[in-house]
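The values are calculated or read from the model by the stated rules, or taken from the named source; none is laboratory data. Values in this document were obtained by computation on a predicted structure and should not be read as measured data. Here the Cβ positions follow ideal geometry from the backbone for every residue, glycine too, while neighbour counts run over all protein chains shown.
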Amino acid sequence: MITKRLFFRTISPTQEKIINKLARYKFLTYRQMLRLGIMTDRANLNKQISELRSWSKSLIGSVIFGTSPRFWRLESVHHLTSYGANLIQERLHFDDPVRFPKGKGVLFQQDYLHRISTIDVHIALQEQSSQNNWGLLFFLAYFDKGASAKKRGYKAESTIPISRNEHLIADALCMLETPKRNELYAIEVFNWNDTHRVHKSLLHHLKALSVGQPSKMFGLSHGSRILCIFETENGKLNVMKRLNEDTRFTEAKRHFLFKTIEEVRENVFEGWVLFDGEIVQLF
């Protein structure tokens, strides 16, 4: 086995894959790591992660959840520690910014499914873009915090300004480098079947589009699109019906694309639908 030395310790090729994927996606479950092809066997994957956690200064941290009334037992989530992130930047020469949780605490039981689903979308875009030689220039999630313009605190990196006193926080913002031009997308992941609540959320996006956002944030002269991703098919169809009946969305029809999360995992580029049922591609 070929190993790589980090100071006085060595890591295996599998451990390097784990570290690199955590540096890219920030949080990952065992299931997501297996889907990424890091290993095929969960028991062996767990052994590799345990070794990385056993360092005197751990490279990896894990969030272990108890049982949930809705989902029974929630799968543990793994992430780089600040020590691990600094070591990777110094020794592994990771090309992209290394992502790891900053500040106190990383618990997110209240939005567990939502955050995991958002990461699934990131994985689909990143991995399928790489397979097609397209570039995912960035993926900014609501749980990524950047320095605020205010004297104190941080704001979500997916914040979209609408006016001086109004903004919305998308679940994510991403930009794809396509053969024709860079394409910008706001992403919303809906894990609940509340049509009224989703409709209200998308009205905020419609308002942002009307003032040229988020395109202006990134210096684009063309409009962006909103990827509306649902846990269930019924949830998706109900919202499509509501938007199709709301004439305020008529002129912006091509800016709102719909899929389920399972459809995104299978093929993130093809088979999107507009709210009137027309099938379109991502770009």
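Here is a yes/no grid of residues against (1) modelled with pLDDT under 95; (2) buried (at least 17 other Cβ atoms within 10 Å of the Cβ); (3) in contact with a Lys or Arg (Cβ under 8 Å, 6 or more places away or on another chain); (4) farther than 30 Å from residue 21 by Cα:
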position	(1), (2), (3), (4)
130	yes, no, no, no
153	yes, no, no, no
159	no, yes, no, no
170	no, yes, no, no
178	yes, no, no, no
193	yes, no, no, yes
202	no, yes, no, yes
Query raised in the report: Of the conditions (1) among the aromatic types (Phe, Trp, Tyr); (2) modelled with pLDDT of 70 or more; (3) over 17 Å from the mean Cα position of the chain (by Cα), residue 108 fails just one. Which one is it?
Result: (3)
**Report entry** The lone exception for residue 224 - which of (1) among the hydroxyl-bearing types (Ser, Thr, Tyr); (2) within 23 Å of residue 133 (Cα to Cα); (3) surrounded by fewer than 17 Cβ atoms within 10 Å (Cβ to Cβ) it fails
**Finding:** (3)
Report summary line: Restricting attention to the stretch 239-263, the residues that are of a type in the set (S, T, N, Q) and either buried (at least 18 other Cβ atoms within 10 Å of the Cβ) or under 27 Å from residue 32 (Cβ atoms) (or both) number exactly 1
Query raised in the report: Taking into account only those residues within the stretch 262-283 that are among the aromatic types (Phe, Trp, Tyr) and in a loop (DSSP other than H, G, I, E, B), which is nearest to the chain's Cα centre (by Cα)?
Result: 269
**Report entry** residue 38 vs. criteria part of a loop (DSSP other than H, G, I, E, B), modelled with pLDDT under 85 and either more than 22 Å from the chain's Cα centre (by Cα) or more than 19 Å from residue 139 (Cα to Cα) (or both)
**Finding:** no
Report task. Please give the number of the condition residue 232 fails out of (1) touching a helix residue (DSSP H, G or I) at 6+ places or on another chain (Cβ under 8 Å); (2) within 25 Å of residue 31 (Cα to Cα). Result -> (1)
Query raised in the report: For the stretch 115-134, what are the residues that are of a type in the set (A, V, I, L, M) and out of contact with any strand residue (DSSP E or B) (no Cβ under 9 Å at 6 or more places or on another chain)?
Result: 124
Query raised in the report: Using beta carbons and a limit of 6 Å, which pairs, at least six apart or on different chains, have the first residue in the stretch 199-225 and under 16 Å from residue 171 (Cβ atoms) and the second one of a type in the set (Phe, Trp, Tyr)?
Result: 225/185
Report summary line: Restricting the stretch 204-221 to residues that are hydroxyl-bearing (Ser, Thr, Tyr) and either out of contact with any strand residue (DSSP E or B) (no Cβ under 8 Å at 6 or more places or on another chain) or outside any helix (DSSP H, G or I) (or both), the one surrounded by the most Cβ atoms within 10 Å (Cβ to Cβ) turns out to be 210
Query raised in the report: Within the stretch 41-63, how many residues turn out to be surrounded by fewer than 17 Cβ atoms within 10 Å (Cβ to Cβ), among the polar types (S, T, N, Q) and assigned to a helix (DSSP H, G or I)?
Result: 3
